[in-house]
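Beneath this line is the structure, given in structure tokens, with notes to follow.
The values are calculated or read from the model by the stated rules, or taken from the named source; none is laboratory data. Just so we're clear, the structure is a prediction, and the values are computed from it rather than from any experiment. FYI the Cβ positions are ideal-geometry reconstructions off the backbone, even for glycines, and counts take in every protein chain you see. We work out accessible area using only protein heavy atoms, side chains counted, and drop any ligands, DNA or RNA first. Shrake-Rupley method; radii C 1.70, N 1.55, O 1.52, S 1.80 Å.
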Amino acid sequence: MSLATYELEDHIATITLNRPEAGNSINGTLRRDLNAAWDRFRDEEDAWVGILTANGDVYCAGIDFTDGEGAAGTFGGTFWEKPTINSFESGMELFKPTIAAVQGPCVGYGLTGVLFCDFVIASTEATFSFREVLIGIPTIVGAIRLPQRVRWAHAMELLLTGKPISAERALEIGLVWKLVEPEDLQAEAKAWARTLTEAAPLAQRATKEVAWRTADMGWMESVRFGETMRRVAGATGDVVEGFRARQENRKPNWQGR
């Protein structure tokens, strides 16, 4: 049985951490299954929106330090497998919309993955933490990503203390986009995913790619890249369908091609 399940329905792919008996802590098998699930989502033409969630009361307890394949780096004289740069949590280029639906504690590796999602919907019972500094280990990918999502001092609060923050605090600092009651979490994530599927998927991906790549570009380079992406998206059948649907006053039937 996969430790990261993948379900596709109505263009929505749900990837679920499925190791609840261990708090969904990341061992080698879960790491490989999770990477395979994200590869599938990236490559599957019928998958337009992704939801990252977890089974059980704990979203992710972080790395399973009893399994060297789950961690990354060299700690205490022991070598741990390093993540590949193209894995989801470590920088995969993925421009499809993604949603994290978080319940319970979200720690370390789990929070790093959540930070790569476009939308974070959290249960009121969720907590968030990077605990690495409390055991003498630096946070790396989380330290790169978190200051891009929240203000500097808020990022350092999480990264340098190792202490968890509540869901309410995460909402306040902008780490969480929307807060819901625990029983409403999955329904809220699915409802937002369905809203996202109402837009043209290729146009969404082009827009997200422009937003992502131009963050480090100058103005002229950004505009030129954006116009190139406009031309690429403009050559798709979905553009023809979009204009036709507008003229006929109906909902478009997107094909993603």
Residue check, residue 244 among the charged types (D, E, K, R), modelled with pLDDT under 95, over 18 Å from residue 48 (Cα atoms) and assigned to a helix (DSSP H, G or I) | yes
Conditions (1) under 30 Å from residue 151 (Cβ atoms); (2) more than 23 Å from the chain's Cα centre (by Cα): number failed by residue 213 = (2)
Quick one: would you say residue 193 is touching a strand residue (DSSP E or B) at 6+ places or on another chain (Cβ under 7 Å), surrounded by 13 or more Cβ atoms within 10 Å (Cβ to Cβ), among the small types (Gly, Ala, Ser) and within 26 Å of residue 101 (Cβ to Cβ)?
-> yes
Search result, residues across the stretch 32-43 that are within 21 Å of residue 186 (Cβ to Cβ) and either open to solvent by less than 80 Å² (accessible area, probe 1.4 Å) or of a type in the set (Asp, Glu) (or both) = 33, 34, 37, 38, 41
If you scan the stretch 108-158, which residues turn out to be aromatic (Phe, Trp, Tyr) and either without any contact (Cβ under 8 Å) to a residue 12 or more places away in the chain or more than 27 Å from residue 187 (Cβ to Cβ) (or both)?
-> 130, 152
Considering every residue within the stretch 219-232, establish whether at least one is touching a His at 6+ places or on another chain (Cβ under 8 Å) and closer than 27 Å to residue 42 by Cβ.
-> no
When restricted to 206, 211, 187, the only residue assigned by the TED database to the domain that holds residue 98 and either of a type in the set (A, V, I, L, M) or closer than 16 Å to residue 99 by Cα (or both) is 187
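One line per residue, one yes/no per condition, for (1) outside any loop (DSSP other than H, G, I, E, B); (2) small (Gly, Ala, Ser):
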site: 2; (1), (2): no, yes
site: 13; (1), (2): yes, yes
site: 24; (1), (2): no, no
site: 29; (1), (2): yes, no
site: 33; (1), (2): yes, no
site: 37; (1), (2): yes, yes
site: 40; (1), (2): yes, no
Return yes or no: is residue 161 open to solvent by 10 Å² or more (accessible area, probe 1.4 Å), of a type in the set (Ser, Thr, Tyr) and at pLDDT 95 or above?
-> yes
Which residue, of 8, 52, is modelled with pLDDT of 95 or more, open to solvent by less than 20 Å² (accessible area, probe 1.4 Å) and part of a strand (DSSP E or B)?
-> 52
If we keep just the residues of the stretch 170-189 that are among the aliphatic types (A, V, I, L, M) and over 14 Å from residue 106 (Cβ atoms), which is surrounded by the fewest Cβ atoms within 10 Å (Cβ to Cβ)?
-> 187
What is the one condition in (1) farther than 30 Å from residue 198 by Cα; (2) touching a residue at least 12 places away in the same chain (Cβ under 8 Å); (3) in a loop (DSSP other than H, G, I, E, B) that residue 65 does not satisfy?
-> (2)
Do we have residue 210 as of a type in the set (A, V, I, L, M, F, W, C), crowded, with 18+ Cβ neighbours inside 10 Å and either touching a Phe, Trp or Tyr at 6+ places or on another chain (Cβ under 7 Å) or part of a helix (DSSP H, G or I) (or both) here?
-> yes
All strands (runs of 3 or more DSSP E) inside the stretch 104-164 with 1 or more residues being of a type outside the set (Ser, Thr, Tyr), more than 16 Å from the chain's Cα centre (by Cα) and over 26 Å from residue 93 (Cα atoms) | 105-107
